[in-house]
Structure formats: C-alpha cells, structure tokens
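The structure appears below as structure tokens.
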Amino acid sequence: MTVAVEGGAAAKSRGAQGPRNGPFERLRRSYQKHWYAYVMIAPVIVVLGVLVGYPLIQGIYLTLTDANSLNSSRTIGVNHIEATYHFIGFGNYADILWGPTSWDRFWSHFIWTIFWTFACVVLHYTFGLSLALLLNQKLRGRTFYRMMLILPWAVPTFVTVFSWRIMLSDSGVINSILGGLHLPQPQWLEDTSFQRTAAIMVNTWVGVPFMIVSLLGGLQSIPSELYEAAEMDGANAWQRFRNVTLPGLRSVSSTVVLLGVIWTFNQFAIIYLLFGSNAPDVQILVTWAYYLGFGQQPRDYAQSAAYGVLLLSILIVFTSFYRRWLARNEQLAG
C-alpha cells in the first residue's frame with residue numbers, strides 16, 4: 001500500500017509540472033547560459049548579414065521587377081535620376097523558364113552547364129585519385145612530384161587561363177605539335193565544340209590539384225593494417241582498392257565531390273577569361289547571367305538577378321538530395 005501511495009504521489013508530482021517554456025523563454029535561458037558564445041559569433045553574423053544577407057534580399061526583390069540600366073536610379077553629373085522600374089511579380093522567371101526565347105536564353109545554357117559540371121568533376125576525381133594513389137607510394141623524389149602536381153593550384157587563375165589561351169591559339173604550341181604529327185589542328189578558340197573541349201581541359205588542369213591534396217590526405221588516414229589483413233587473405237590489388245581504399249575514402253570523396261560540383265557549377269573565371277562574351281554557346285549559366293547584367297546594353301538587372309536566384313535554388317536542391325543519398329548509403333553500408 002505504501003509503495004502504491006508513493007508511486008501515485010510521484011506520478012502526480014510529474015503531472016503537476018508547469019507547461020513547457022515558450023520559445024522566447026528558452027532563448028532567454030540559452031542566452032544566459034551561453035552568452036559568451038553569442039557575443040563571439042555576433043560579429044560574424046553582422047558581417048554575413050551585411051555582405052550576404054542584404055545583397056541576397058535586394059537581388060530577390062530585383063527579380064520581381066523590370067529593373068534595367070535605363071530605369072534604375074543613377075547619377076549623371078550633378079543630376080540624380082530616380083528609379084522608374086515597376087513590380088511585375090514572377091514575370092522574369094516565367095520568361096526565363098518557358099518564354100518564347102527560353103531555349104536560347106536558359107535551357108541550352110542549363111544543359112551545357114550540367115554536362116560541363118559532370119564532365120569536369122568526373123575528370124577531377126579520376127585524375128586526382130589516380131595521382132593521389134601514385135603519390136601515396138614510396139617513390140624517390142615524392143616531395144618534388146607533389147610540389148609540381150600542386151603547382152597549377154597555386155598559380156593565379158588568370159595566369160593559367162591566359163597561358164592556355166596562348167597555347168590553344170592557331171599558332172600555339174598545341175597546334176604546332178599536332179601539325180608536326182600530321183594531325184588536324186582544331187580551332188580551339190573559334191569552333192563551338194572545340195571551345196567546349198578547351199574549357200573542360202583548362203578547368204580540369206586547374207581543379208585536379210585540389211582533388212590530389214584532399215584524396216591524398218584521405219589515403220594517408222586509412223590504417224595500413226587493413227591492407228595487410230586484406231593481402232594476407234589473398235586479395236589482389238584491385239580487390240584491395242575496391243574493398244579497402246574506396247570505403248576508406250567514402251567520407252572524403254563525398255565532401256570533395258560536393259565541393260567540386262558547387263565550384264564547377266559556378267566557375268566564372270575560366271569561361272570568362274578564356275572566351276569573354278564572344279562565345280555565346282559556351283557560356284554556362286553564371287557567365288550568361290553576368291552577360292545579361294553587365295555585358296549588354298541596356299543591362300538587364302532583373303533577369304540577371306533571376307538567373308542568380310535560379311542558380312542558388314538548383315544548388316540547394318542538388319545539395320539536399322545529395323546529402324540524403326549519402327545518408328541512405330551510409331545506413332545501408334552500416
């Protein structure tokens with residue numbers, strides 16, 4: 001009887017607890033407990049809000065208008081002209097996605113951007129992993145080889161691209177070598193198909209060193225005991241690579257591939273420095289958005305901003321599905 005009474009009293013006391021604190025009360029208590037952390041991250045939040053948050057909000061608002069260089073506010077001499085653009089809702093998005101010129105202005109660039117990103121990331125990872133496996137071996141002069149393979153990453157991008165422009169010109173070293181071998185000499189900087197090939201070549205040259213460094217670090221973190229155990233079990237080189245190396249690189253590979261997709265999808269410098277605005281069929285979405293906003297007259301600020309929002313949305317959707325796919329594979333592997 002005493003036990004029953006005590007149990008009932010305990011249950012009653014638990015049920016007599018007050019209602020859960022509201023969000024503001026929880027926030028106040030969290031601030032009282034972790035005020036130092038909030039103070040430390042406050043400058044970062046302010047800087048991000050000024051440099052990222054405000055331009056993003058302003059850009060999203062511009063996508064809902066018909067703003068261009070003719071109706072935006074501007075100052076000419078001592079005269080200030082007020083903005084006269086109007087709010088048009090989602091008209092820019094409708095025009096971009098299914099307007100009469102949507103194929104030439106968006107979908108053709110979107111398809112090429114997807115192919116460009118896929119081809120570059122596959123080449124980055126394939127060459128990066130191959131060279132990382134080579135550099136992970138005990139080779140004489142390994143430090144020198146590592147330095148030489150990482151050098152393209154250290155050289156400024158504009159120097160690399162302009163060097164490639166010189167080599168890819170009609171009288172450049174690449175066509176000279178092909179001519180010496182009695183092979184066709186493509187117009188790398190004039191013909192659309194060869195322009196795209198040249199862009200992928202240059203971006204592969206620039207992006208492989210990052211993959212080498214990242215994957216080499218992942219390879220060195222795999223315990224050597226796993227390879228020794230696999231070799232004692234009779235596993236050949238391919239089986240050790242498939243069952244030890246690739247699983248050991250899973251976390252590193254998922255991260256570098258995601259970063260590679262984001263960086264390549266938004267790779268502005270290589271396309272712009274290699275071709276400028278003279279190759280419309282080679283422009284990816286980000287360079288096309290720049291052309292609309294700054295490379296033509298009148299400058300179409302609203303449509304350029306709409307392209308930026310679409311790019312951000314595509315990457316957010318891709319990242320969400322990619323992370324879910326990785327999480328599901330990790331659950332299945334576990």
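The simple spin-label model puts a point 7 Å past each Cα toward its Cβ; for Val159 and Thr126 those points are separated by 3.0 nm. In this rough spin-label picture, where each label sits 7 Å from Cα along the Cβ direction, the Leu27-Ala237 distance is 6.1 nm. For Met167, the solvent-accessible surface computed with a 1.4 Å probe is close to 60 Å², ligands and nucleic acids excluded. Rolling a 1.4 Å probe over the protein heavy atoms of the chain, with every protein chain left in place, gives an accessible area that is 66 percent carbon and sulfur.
What FRET efficiency comes out for the pair Arg328/Leu226, r = Cβ-Cβ distance, R0 = 22 Å, nearest 0.05?
About 0.35, to the nearest 0.05.
Return the label of the correct value of percent of Cα pairs over 32 Å apart, as calculated from the structure shown, out of [x] 54; [y] 48; [z] 29. It is the one labelled [x]. Accessible area per residue was computed with a 1.4 Å probe on protein heavy atoms; Trp153 scores about 120 Å². Radius of gyration over Kirkwood radius for segment 265-334, both on Cα atoms: the Rg/Rh ratio is 1.20. Sorting Val261, Val78 on solvent-accessible area from highest to lowest, probe radius 1.4 Å, gives Val78, Val261.
Computed over protein heavy atoms with a 1.4 Å probe, the accessible surface of segment 231-282 works out to 52 Å² per residue. How far is the Cα center of segment 244-278 from the Cα center of segment 166-204, in Å? Cα centres, segment 244-278 to segment 166-204: 23 Å. Result for the chain in a Gaussian network model with C-alpha springs under 10 Å: among Gly77, Gly22, Gly260, the largest mean-square fluctuation is at Gly22.
In square angstrom, what is the accessible area per residue of segment 47-115 with a 1.4 angstrom probe?
Details: 4550 Å² over 69 residues.
Dividing the accessible area of segment 47-115 by its residue count gives 66 Å².
For His86, the accessible surface of its heavy atoms amounts to roughly 120 Å² (probe 1.4 Å, protein chains only, rounded to the nearest 10). Our note on the geometry: Cα centres of segment 116-133 and segment 47-80, 39 Å apart. Between Ile150 and Leu48, the modelled labels are 2.9 nm apart [label points 7 Å from Cα along Cα→Cβ].
Using 1/(1 + (r/R0)^6) with R0 = 30 angstrom and r between the beta carbons of Ser108 and Ile316, what's the FRET efficiency to the nearest 0.05?
0.85
The accessible-area ordering, largest first, of the residues Ser214, Ser176 stands as Ser176, Ser214, per a 1.4 angstrom probe. Considering only Leu285, Leu133, Leu178, the mean-square fluctuation computed in a Gaussian network model of the chain, springs between alpha carbons under 10 angstrom, is largest for Leu178. Based on C-alpha pairs under 8 angstrom that are at least 6 apart in sequence, the chain has a relative contact order of 23 percent.
The values are calculated or read from the model by the stated rules, or taken from the named source; none is laboratory data. From a predicted model like this one, the values you see are computed outputs, not experimental measurements. Don't worry about glycine lacking a Cβ; one is built from the backbone with ideal geometry, like all the others, and counts go over all protein chains shown. Each accessible area value is taken on the protein alone, full model and side chains, heavy atoms only, with ligands, DNA and RNA left out. Shrake-Rupley method; radii C 1.70, N 1.55, O 1.52, S 1.80 Å.
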